[in-house]
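Colleague: Okay, here's the structure, questions in a sec.
Every read-out reported here was derived from the displayed coordinates using simple, explicitly stated rules and does not represent laboratory data. Since we're looking at a predicted model, the values are computed, not measured. Using ideal geometry, Cβ is built from the backbone for each residue, glycine included, and neighbour counts are taken over all protein chains shown.
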Amino acid sequence: MSTLKTGALRGTSGTADSVQLHASNQSVTFPGDVAVTGDVAVTGSTSTTAQPAFRAYGGPSSSTSVEILVFGSETFDIGGGYNTSDGKYTIPSGQGGIWVFCGSVMRNNDEDDAIVALYKDSTGIAEGRCTTNVTNSSKGYASLDVISIAQASAGDTFYLKNESGNIHCN
């Protein structure tokens, strides 16, 4: 095997860096991040690194106070951002961008109204609300779903919080 060492690779016009391989099953490895500008065409298969994602469950069977809902178990946590002790997800380093968060809990069966909110740091950004017409009392379990698309930076935290009512999470 031959080794090529150079400060830069330039095309024949001297204006573009490029690497071309013409033998089969060849690859190019760069020692750090690579920025690509312009169009890129890929023939064959590609692979990517798994993107951060998590699924937490096992919250309190009953939450009646204004509090962060802590889900103590995880199905998966790619990137390690969810904390089962405090119920907060922290955006991992280098993973800022557009994120989608979904949460679902239940209004408890003895409750008329309930609100659960999704927070980014200390600001509520979305809520799930279930209210009942009190003249036709319809107490009972009801799903409280929260979905939000949010711009996030590394270190931002997201969590669900019981804002009102009796929330059932397990």
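Colleague: Mind ranking 92-104, 46-58, 115-127, 76-88 by how tightly packed they are, going by the mean number of other C-beta atoms within 10 angstrom, highest first?
Modeller: Highest mean packing first, the order is 115-127, 76-88, 92-104, 46-58.
Colleague: Tell me whether the range 39-88 comes out rounded, prolate or oblate; compute the Cα gyration tensor, take square roots of the eigenvalues as a ≥ b ≥ c, and use a/c under 1.5 as the rounded threshold.
Modeller: prolate
Colleague: Over the range 44-96, what is the relative contact order in whole percent, taking alpha-carbon pairs under 8 Å and six or more residues apart?
Modeller: Once normalised by length, the contact order is 33 percent.
Colleague: Still on this structure, please answer the following. Could you check the spin-label model distance between T75 and S47? Points 7 Å from the Cα along Cα→Cβ, value in nm.
Modeller: Rounded to a tenth, the inter-label distance reads 2.5 nm.
Colleague: By how many nm would the segment from F54 to D121 grow when fully extended, if each residue of separation counts as 0.36 nm and the alpha-carbon distance is taken off?
Modeller: So the chain would gain 22.3 nm between F54 and D121.
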